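Read through the structure below, which is laid out as structure tokens, and then see the notes.
The values are calculated or read from the model by the stated rules, or taken from the named source; none is laboratory data. Being a predicted model, the structure only gives us computed values, none of them experimental. We place every Cβ from the backbone using ideal geometry, glycine too, and count neighbours over all the protein chains shown.
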Amino acid sequence: GQNIDQPTEMTATEGAIVQINCTYQTSGFNGLFWYQQHAGEAPTFLSYNVLDGLEEKGRFSSFLSRSKGYSYLLLKELQMKDSASYLCAVRDRGTGGSYIPTFGRGTSLIVHP
Amino acid sequence: GAGVSQSPSNKVTEKGKDVELRCDPISGHTALYWYRQSLGQGLEFLIYFQGNSAPDKSGLPSDRFSAERTGGSVSTLTIQRTQQEDSAVYLCASSLAPGAGNTIYFGEGSWLTVV
């Protein structure tokens with residue numbers, strides 16, 4: 001099984017840069033996802049990493065180091081609408097034998113003016 | 001449809017009653033997942049369907065929970081003799097088969113309240 005750890009809450013200022021870290025312990029690693037979830041809404045896909053390195057997509061970037069069991073999500077030029085929960089999920093072979101993403105508890109990001 | 005569709009969007013039921021939650025995945029998606037999310041908690045995996053393979057039921061919390069997927073498309077999650085601790089948002093998601101696509105799309109969820 002996995003042990004996925006991410007900070008519970010972070011605050012940042014509009015226009016700034018914020019980095020949300022995620023550490024995990026797993027075997028049979030098969031990819032790491034980041035999702036954004038606004039209160040009362042469904043999670044929406046942000047990024048997927050399976051190889052080491054940085055994936056950049058507009059204002060959002062995601063980094064993975066498999067040897068360290070570590071990922072981060074980098075958000076640049078923060079906007080008020082970025083206030084949301086950010087979920088880290090690791091896919092590996094679960095107890096039932098399938099490759100299923102297991103989600104962390106999420107990091108609640110509060111962006112203030 | 002364009003996205004994952006779930007119904008009902010909200011359900012209030014009395015303790016001890018049975019409920020059925022429905023999920024209509026994105027057309028062509030062979031993988032279907034059920035998760036639940038309690039207030040302030042992370043997503044908890046329940047069950048996974050992939051094509052015609054036997055479902056992975058390893059996340060179901062008790063034998064009161066069951067799910068089926070008919071014709072490789074629509075899925076129904078059934079909770080029998082509901083308890084108050086079953087109150088949560090039940091999220092369905094779908095994707096192409098792992099290896100063929102890695103984006104997992106979630107529906108809006110079914111908000112279940114057991115009173």
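Annotations
- Single match in A:14, A:9 (criterion: over 22 Å from residue B:104 (Cα atoms), within 14 Å of chain B (Cβ to nearest Cβ) and touching a residue at least 60 places away in the same chain (Cβ under 8 Å)): A:9
- Checked against the criterion of being under 25 Å from residue B:45 (Cβ atoms) and polar (S, T, N, Q), the stretch A:73-81 has no qualifying residue.
- Boolean, residue B:7 is under 21 Å from residue A:95 (Cα atoms), of a type in the set (Ser, Thr, Tyr) and either within 14 Å of another protein chain (Cβ to nearest Cβ) or out of contact with any helix residue (DSSP H, G or I) (no Cβ under 9 Å at 6 or more places or on another chain) (or both): no
- Tally of residues being more than 16 Å from residue A:103 (Cβ to Cβ), at pLDDT below 95 and surrounded by 12 or more Cβ atoms within 10 Å (Cβ to Cβ) across the stretch A:1-27: 0
- The one condition in (1) crowded, with 19+ Cβ neighbours inside 10 Å; (2) in contact with a Gly (Cβ under 7 Å, 6 or more places away or on another chain); (3) more than 14 Å from chain A (Cβ to nearest Cβ) that residue B:86 fails to fulfil: (2)
- Residue within the stretch A:65-78 that is closer than 25 Å to residue B:90 by Cβ and hydroxyl-bearing (Ser, Thr, Tyr) present: no
- Residue that is nearest to residue A:106 (Cα to Cα), among those in the stretch A:29-43 that are touching an Asp or Glu at 6+ places or on another chain (Cβ under 9 Å) and within 12 Å of chain B (Cβ to nearest Cβ): A:36
- Selected residue [surrounded by 12 or more Cβ atoms within 10 Å (Cβ to Cβ), charged (D, E, K, R) and part of a loop (DSSP other than H, G, I, E, B)] from B:108, B:44, B:20: B:108
- Output for the stretch A:17-59, where each listed residue is in contact with a helix residue (DSSP H, G or I) (Cβ under 9 Å, 6 or more places away or on another chain) and without any contact (Cβ under 8 Å) to a residue 60 or more places away in the chain: A:36, A:38, A:59
- Scanning the stretch B:58-83 for residues that are more than 11 Å from the chain's Cα centre (by Cα), within 14 Å of chain A (Cβ to nearest Cβ) and crowded, with 17+ Cβ neighbours inside 10 Å yields a total of 1.
The rows are residues; the columns are (1) more than 13 Å from chain B (Cβ to nearest Cβ); (2) in a helix (DSSP H, G or I); (3) surrounded by fewer than 15 Cβ atoms within 10 Å (Cβ to Cβ).
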{"site": "A:45", "(1), (2), (3)": "no, no, no"}
{"site": "A:54", "(1), (2), (3)": "yes, no, yes"}
{"site": "A:63", "(1), (2), (3)": "yes, no, no"}
{"site": "A:87", "(1), (2), (3)": "no, no, no"}
{"site": "A:102", "(1), (2), (3)": "no, no, no"}
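- Qualifying residue in the stretch B:90-112 (condition: in contact with an Asp or Glu (Cβ under 6 Å, 6 or more places away or on another chain) and more than 14 Å from chain A (Cβ to nearest Cβ)): no
- Qualifying positions in the stretch B:48-57 - facing chain A (nearest Cβ under 9 Å) and more than 16 Å from residue A:90 (Cα to Cα): B:50, B:53, B:55, B:56, B:57
- Some residue of the stretch A:90-98 being out of contact with any Phe, Trp or Tyr (no Cβ under 7 Å at 6 or more places or on another chain), part of a strand (DSSP E or B) and crowded, with 17+ Cβ neighbours inside 10 Å: no
- Contact map, the stretch B:57-75: residues that are more than 15 Å from residue B:33 (Cβ to Cβ) paired with residues that are among the hydrophobic types (A, V, I, L, M, F, W, C), Cβ distance under 9 Å, separation 6+ or inter-chain. Pairs shown: B:61/B:46; B:64/B:79; B:66/B:47; B:66/B:60; B:66/B:77; B:66/B:79.
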